[in-house]
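Trainee: Below are the structure tokens for one structure; questions will follow.
The values are calculated or read from the model by the stated rules, or taken from the named source; none is laboratory data. Only a predicted model underlies this, so the values are computations on that prediction, with no experimental measurement involved. Glycine gets a Cβ as well: all are built from the backbone with ideal geometry, and neighbour counts include every protein chain shown. For the accessible areas, the whole protein counts, side chains as well, though only heavy atoms, and no ligand, DNA or RNA atoms are used. Shrake-Rupley method; radii C 1.70, N 1.55, O 1.52, S 1.80 Å.
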Amino acid sequence: MSHRAVALGYAVIALTAVIVATSLSWIMRLHLAWPNASLPLWGTIKPEDYLALVTMHGTLMIFFVMTLAPVELFGNLLLPSQLGVRRMTLPVVNAAGMLLIAISLLVMLAAFLVPQGAPIGGWSAYPPMSALPSAGPGQGAGLDCWLLSLALFCAGSALNGINALVTIVSRRTRQMPITAWSWFATAILSVIIFPVLFAAIALLFCDRHLGTHFFLPQALIVAGRVAPLTSGGDGSPLLWQHLFWFFGHPEVYLSVLPAMGITSHIFAEFTRAGHGSRRLLVAATLAIAGMGLLVWGHHMFVSGMNPYAGTAFSLSTIAIALPSTAEVLVWLRMLWNGETRATWNRTPMLFSLGFLSFFIAGGVTGPVLAQPMLDSYLHNTYFVIAHFHLVMGMAVAFSMFAATYLWFPLLCGRMMNERLGRWHFWLSLIGAYGAFLPMHFAGLAGLPRHYAQMSGPVVSFENLLPLQRGITWSAYLLGAAQFIFLWNVARSWRRGDIAEPGPR
């Protein structure tokens, strides 16, 4: 199977996941804005239903879209040609990785169909509740599907990381493109972090079904009585947090680093500024990947960790902003010195500028959350949702749109429509900022995430309902804009202008 056929397979997987995940988010937003609304064929959304929506939306978007598309889809599509070779070095391993991830998606979607429904533990599935199949609806067969799916995803992603690493090392050129360096960094991260998550999943499965106590403390009290399977436990739920976030935060860079490499390429090509700071960009890319392995503890500031450890993770989190800032300054220099007058409104350039906008807007709140004192208040509020969605959600998505508009001819030999592309960009930009920027204010007001309802018996946040409704309408606009993109892809695939020959 050719690397472009594998890339097309990943495109189908990512598209399926994003359609399902976006549909789930629309239902979530509808419930948050109008909590007492009764949906056709569903009725009123119960708290456990809402938690299942949150869990499946987050899991599908983070793993099967934001991790899959930048690394596997565009890596397979572009890496061989950028290295000047005809195929990946290990094509069988490449195809096997795609097959495992396709099966992983099917198993994840099957969680909707099992008794008690989809899991409710969020995309991080914290123990001890996730270690007890009887802890609540969705924590039985639904969570088992979740664990099996992510185990398959880890295996497939590790294989893909090995394949990319072997391809780059064995076929590297004297001056690799910046994009190739970004995939090299993500390949190294993949072979380090996915085995760690796989091990954590295996340990959690053993706690659930084999009577072990890796994450179960002794005599855990649930609903006023000692939970089954915990009478002899001496494990620690914090072990799961360390293992999960050692994977979870570097996974952000699996998405962001290819997006940064693509942005560097597009800015250099469209401004004709070249890579005057090429060595700085390469060094910053590798520094971000390396330092990304050292910052996982900032997700655990409120877990009761040693304050000295919190200080160390705070400093490392602030330090990782330095190479990111260096890349931003290089991009701004390209835009300032380059010839942008004739190219700024080209669709790939517009989406790259959108990436830069979101990367800065979301990135400036990173050092805020890196302060343990501030994070103790903002942790698990909408402020974190805003930061996360701007950086890993919108910034990465806009870079993927830019790459799609630029390299679409590699798949079918035709160009995408520029007018539709500009409509897609401006509506997406307005919808994204309208949906996620106000979440900062909701977080500053203390609005917690994962809560199904902010009105009714609890009236503390009822005055934020108008804000929630504004966010909901913006989210609907953002989602509706993607129909323009899908129509553009379908139309251009068959009737788009023939692309000029030659590398892009």
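Trainee: When the Cα centres of the range 183-214 and the range 84-99 are compared, how far apart do they sit, in Å?
Mentor: Going from one Cα centre to the other spans 24 Å.
Trainee: Say each of W344 and R419 gets a label point 7 Å from the Cα, pointing the same way as Cα to Cβ; how far apart are those two points in nm?
Mentor: So the label points at W344 and R419 sit 2.3 nm apart.
Trainee: Something else: Could you pull the accessible area for H450 with a 1.4 Å probe, rounded to 10 Å²?
Mentor: 80
Trainee: Okay, next question. Using the beta-carbon distance between L444 and R495 and R0 = 56 Å, what value does 1/(1 + (r/R0)^6) give for FRET efficiency, to the nearest 0.05? Walk me through the numbers on the way to the answer.
Mentor: Values: r = 49 Å, r/R0 = 0.87.
The value I calculate is 0.70.
Trainee: Enumerate the amide H contacts of Y126 below 5 Å, restricted to partners 5 or more residues apart or on another chain; note that Pro and chain-start residues carry no placed amide H.
Mentor: none
Trainee: I've got another one for you. Would you please give the residues with an amide H less than 5 Å from that of T381, counting only those at least 5 places away or on a separate chain, with H modeled from the backbone geometry?
Mentor: Close amide H contacts, sequence-distant or interchain: R449.
Trainee: With labels modelled as points extended 7 Å from the Cα through the Cβ direction, what inter-label distance (nm, one decimal) is found for A202 paired with Y126?
Mentor: The two pseudo-label positions are separated by 2.7 nm.
Trainee: Calculate what fraction, in whole %, of the accessible area of the chain sits on carbon and sulfur atoms when a 1.4 Å probe is rolled over the protein chains. Could the numbers behind the result be given before it?
Mentor: Details: 14390 of 21230 Å².
Summing carbon and sulfur atoms, their accessible area is 68 percent of the total for the chain.
Trainee: Using only protein heavy atoms and a 1.4 Å probe, report how much of W426 is accessible, in Å² to the nearest 10.
Mentor: Surface accessible to solvent at W426 totals approximately 120 Å².
Trainee: Cβ neighbours within 10 Å, averaged per peptide: list 377-384, 393-400 in order, most packed at the top.
Mentor: Working: 377-384: 19.6, 393-400: 25.9.
Highest-to-lowest ranking by the protection proxy: 393-400, 377-384.
Trainee: Take the Cβ-Cβ distance between W473 and M373 as r, set R0 to 35 Å, and report the resulting FRET efficiency rounded to the nearest 0.05. Before the final figure, lay out each step's value.
Mentor: Working: r = 35 Å, r/R0 = 1.00.
Computed FRET efficiency for W473 and M373 comes out at 0.50.
Trainee: So if I restrict to the alpha-carbon atoms in the chain, what is the Rg, and what is Dmax, the biggest pairwise distance, in Å?
Mentor: Gyration radius and largest Cα-Cα distance of the chain: 22.5, 71 Å.
Trainee: Separation of the range 34-75 and the range 426-454 by C-alpha centroid, Å?
Mentor: Measuring centre to centre over Cα atoms gives 16 Å.
Trainee: Another question, then. Could you give the accessible area per residue of the chain, probe 1.4 Å, as a whole number in Å²?
Mentor: Values: 21230 Å² over 504 residues.
Value returned for the chain: 42 Å² of accessible area per residue.
Trainee: Calculate, for R333 and A110, the FRET efficiency according to 1/(1 + (r/R0)^6) with r their C-beta to C-beta distance and R0 41 Å; round to the nearest 0.05. Mind dumping the intermediate values first?
Mentor: Details: r = 50 Å, r/R0 = 1.21.
Given R0 = 41 Å and the Cβ-Cβ separation, E is 0.25.
Trainee: Can you tell me how the range 378-446 classifies by the Cα gyration tensor, rounded, prolate or oblate, using a/c under 1.5 as the rounded cut? Before the final figure, lay out the partial values.
Mentor: Numbers: a/c = 6.83, a/b = 2.53, b/c = 2.69.
Oblate shape, in that a/c is at least 1.5 and b/c is the bigger or equal ratio.
Trainee: Ok, one more. Rounded, prolate or oblate: which fits the range 25-79, taking a ≥ b ≥ c as square roots of the Cα gyration tensor eigenvalues, rounded meaning a/c under 1.5, else prolate when a/b beats b/c? Don't skip to the answer; put the middle values down first.
Mentor: Details: a/c = 4.14, a/b = 3.41, b/c = 1.21.
The shape class here is prolate.
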